[in-house]
Amino acid sequence: MVANEPVLDRQSDGTRSAARDRSEPLLTVDGLEKTYETDAGMTTAVDDVSFAIEEGTIVGLLGPNGAGKTTTIKLLLGLIRPTGGTARIDGVDVTESPAAASRSVAAMLEGARNVYWRLTVRENIRFFARIGGQRADSDRIDRLLEQVGLADRADDPVNELSRGMKQKASLACTLVRETPLVVLDEPTLGLDVESSFELRRELRRLADQNERTVLVSSHDMQVIESLCNRVIILNDGSVLADETVETLLDLFRTRAVRVTVTGWLSNDVKTTLTERFGATAWTSRDDGTTVTHRFDATRVQGNEFYELMAVLRNSGTTFGSVETLEPDLEDVFLRLIETERRPADD
């Protein structure tokens, strides 16, 4: 299909009827802002957030607690009104036409009751399909139940399911609407390793085969790293980074080393290692004899490395080994947040 070829806008049943320029992103966020009045004054939860998401991609939304992720998601879904800026889904302004925009997006919110616990899994799926203006025949529901691993619990009330199974039921009720955009907030919460893997496989299939677009917010870095094409990192209500996963990993690929020593370190020595050499993590074995430290590689080069060895030797520990670390997305996330919070004159 040609990139600029007009396609048909999806209706609530997943079909399309009106022409839309395929070159336009499915989701466009431009200067989105949200402020609240509190007892202490005005608080900014979302501050000039802008990004665009193309159709058929999976994008991760990351950020520490209080970064503005949940508020941003609620703004995109039209659950709250922005103080400024716009969000458009499939060409429809979420604030001006919330009902029309909602026909193109389905969401599963973390911490919310996304399903009715007294209904069975099958009844929930059928109910959410109908309120989305769609029909869900038995064959379609059965396929969806198989995909999320609930075929053998289809006729059980949701309140009899485990937490992980409730999460799967919520996901099924979200996916049944077949909207072009799916928003998932902590979708793997409560899932075991196998179920989390199955979920990631299903979401990837949706993006690759059905051209559905997924925006997923999660604290599970493995989920984000293995699933997403791109990551948007929020901090203090603003976009801190918006890059592909591979670009972020490349950025920090040679920025961390691990030094292992035998023995205990005092808090004063740890403070010295942090301030002088950028130590960022501390782990120890259960027997308390081996301590591993992560350091900023840019601050442990040349003479600095020998100074580090001298500090460790004077602390009474025995040097074990040093190695360069391959970063994962959690390393990148923590380092970006740490850099953002560091005073400008550091």
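The values are calculated or read from the model by the stated rules, or taken from the named source; none is laboratory data. Because the structure is a prediction, the values reported are computed rather than measured. Positions of Cβ are backbone-derived with ideal geometry, glycine not excepted, and every protein chain shown enters the neighbour counts.
If you go through the range 76-87, how many residues are in contact with a strand residue (DSSP E or B) (Cβ under 6 Å, 6 or more places away or on another chain) and within 14 Å of Ala107 (Cβ to Cβ)?
To start, the set of residues in the range 76-87 that are in contact with a strand residue (DSSP E or B) (Cβ under 6 Å, 6 or more places away or on another chain) comprises 76-77, 82-87.
Next cut, within 14 Å of Ala107 (Cβ to Cβ) only: 76-77, 87.
The number of residues fulfilling the criteria is 3.
Return the residues of the range 64-97 that are assigned to a loop (DSSP other than H, G, I, E, B), in contact (Cβ under 8 Å) with a residue 24 or more places away in the chain and at negative phi; say none if nothing qualifies.
Pro64, Ala67, Leu77, Ile80, Pro82, Thr83
I need the full set of residues from the range 147-177 which are of a type outside the set (A, V, I, L, M, F, W, C), farther than 16 Å from Leu189 by Cβ and modelled with pLDDT of 90 or more, in order please.
If the condition is that a residue be of a type outside the set (A, V, I, L, M, F, W, C), farther than 16 Å from Leu189 by Cβ and modelled with pLDDT of 90 or more, then Asp152, Arg153, Asp155, Asp156, Pro157, Asn159, Glu160 are the ones that fit.
Quick one: count up the residues across the range 117-149 that are aromatic (Phe, Trp, Tyr) and surrounded by 16 or more Cβ atoms within 10 Å (Cβ to Cβ).
2
In the range 182-210, which residues are in contact with a strand residue (DSSP E or B) (Cβ under 7 Å, 6 or more places away or on another chain) and assigned to a loop (DSSP other than H, G, I, E, B)?
Matches in the range 182-210: Glu186, Pro187.
Could you tell me which numbered condition Glu198 fails, if it satisfies all but one of (1) under 12 Å from Val148 (Cβ atoms); (2) without any contact (Cβ under 8 Å) to a residue 24 or more places away in the chain; (3) of a type in the set (Asp, Glu)?
Going through (1) under 12 Å from Val148 (Cβ atoms); (2) without any contact (Cβ under 8 Å) to a residue 24 or more places away in the chain; (3) of a type in the set (Asp, Glu) one by one, Glu198 breaks only (2).
Among what's in the range 88-125 and is among the acidic types (Asp, Glu) and touching a strand residue (DSSP E or B) at 6+ places or on another chain (Cβ under 8 Å), pick the residue that is nearest to Ala136 (Cα to Cα).
Applying the filter and picking the extreme gives Asp90.
Quick one: count up the residues across the range 197-220 that are within 26 Å of Lys34 (Cβ to Cβ) and either in contact with a Lys or Arg (Cβ under 8 Å, 6 or more places away or on another chain) or among the aliphatic types (A, V, I, L, M) (or both).
Total meeting the criteria: 4.
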